[in-house]
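Accompanying notes for the structure given below.
The values are calculated or read from the model by the stated rules, or taken from the named source; none is laboratory data. Note that the structure is a prediction, hence the values are computed from the model and not measured. Ideal geometry is used to build each Cβ from the backbone, glycine not excepted, and the neighbour counts take in all protein chains shown.
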Amino acid sequence: MKILEEEPPLADECKLPWLIDAFLYPISASGMINLAVFVIAPEFISLLVFVLASLLSPFLQSGTSYIMRFLTLPFYIVFGCYVVYYVAHCVIDSTKGHRRATDLPIANVFSVGDLIEQVFLLIGCVAICFCPTAFYYIFTRRIDLWFWVLLALGGFFFPMCFLRGVMFDSFDALNPIEISRSILSTFLPYCGLVLFFMALGGFIVAVLPRLPLWDFLRMGIILYLVFVLAHRSGWFYWWYKDKLGWGL
């Protein structure tokens with residue numbers, strides 16, 4: 001995903017508080033269409049699989065569910081990769097100063113290779129930040145003070161890892177020295193971004209699963225908030241690109 005194209009500065013000034021404006025980022029034609037597709041498409045495929053399995057079960061006798069899962073697995077892989085790619089687009093889109101979600105230029109940059117690379121890059125960002133916590137729990141089977149310390153450290157570094165990974169589109173951008181330098185150059189604003197990530201992440205992980213909501217509605221809320229987090233990451237670069245000095 002390239003970010004080197006120059007765009008003119010925004011002509012309009014936001015008249016809303018930043019917190020409200022941040023949560024309005026997905027409220028656009030493109031944002032709402034993509035959100036609807038991301039929520040409805042898996043439900044539609046699940047329904048289609050159920051109908052086909054019901055029709056084929058008298059003929060196949062057994063193993064129908066496994067066959068249908070195997071046939072639909074490529075769809076779910078490509079679909080999940082595209083969701084990740086669009087989230088990365090939201091970051092890049094916001095680094096240009098856009099306040100609302102825009103269309104993904106599929107005709108210019110879309111390819112299966114781009115989708116897979118973006119997913120592996122995001123997995124790398126998550127692994128660098130949270131593997132110490134995962135390994136600690138795997139080997140100790142304890143959720144104690146050290147577990148929470150490692151989790152907090154991973155959560156602290158993740159927004160910058162995620163931003164650099166998407167911006168540079170390379171694992172080289174996940175250099176710990178460069179990540180630390182970028183954090184120190186924007187320390188106080190970055191702490192605000194970390195708190196924003198932790199607040200929404202905590203809501204998604206700890207609160208949202210306990211609410212009495214339909215699964216598709218819960219997924220819609222999760223994706224909406226992920227778009228918001230992606231936007232705030234890109235917007236952070238938009239405001240502090242001079243201090244970060246990444247040369248992009």
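Scoring Pro212 on the criteria (1) assigned to a loop (DSSP other than H, G, I, E, B); (2) surrounded by 16 or more Cβ atoms within 10 Å (Cβ to Cβ) leaves a single failure, condition (2).
Cβ-Cβ contacts under 7 Å between residues 6 or more apart (or on different chains), taken from a first residue in the range 29-44 that is β-branched (Val, Ile, Thr) to a second residue that is in a helix (DSSP H, G or I), are listed as Val39/Phe216; Val39/Met219; Val39/Gly220; Val39/Leu223.
For the range 13-26, residues that are farther than 19 Å from Phe216 by Cβ and touching a residue at least 24 places away in the same chain (Cβ under 8 Å) total 6. Among the numbered conditions (1) of a type outside the set (Phe, Trp, Tyr); (2) touching a residue at least 40 places away in the same chain (Cβ under 8 Å); (3) assigned to a helix (DSSP H, G or I), the only one that Leu248 does not meet is (3). In the range 120-138, of all residues being surrounded by fewer than 17 Cβ atoms within 10 Å (Cβ to Cβ) and either under 15 Å from Arg164 (Cβ atoms) or among the β-branched types (Val, Ile, Thr) (or both), the one that is farthest from the chain's Cα centre (by Cα) corresponds to Ile138.
In this structure, Gly155 does satisfy being crowded, with 17+ Cβ neighbours inside 10 Å and under 21 Å from the mean Cα position of the chain (by Cα). Between Ser30, Ser46, Ser57, the distinction of being among the polar types (S, T, N, Q), surrounded by 10 or more Cβ atoms within 10 Å (Cβ to Cβ) and modelled with pLDDT under 75 belongs to Ser57 only.
Residues that are touching a Ser or Thr at 6+ places or on another chain (Cβ under 9 Å) and in contact (Cβ under 8 Å) with a residue 60 or more places away in the chain: which helices (runs of 4 or more DSSP H) entirely in the range 88-173 hold 1 or more of them?
Those helices (runs of 4 or more DSSP H) span 145-168.
The set of residues in the range 201-216 that are more than 12 Å from the chain's Cα centre (by Cα) and in contact (Cβ under 8 Å) with a residue 24 or more places away in the chain contains only Phe216.
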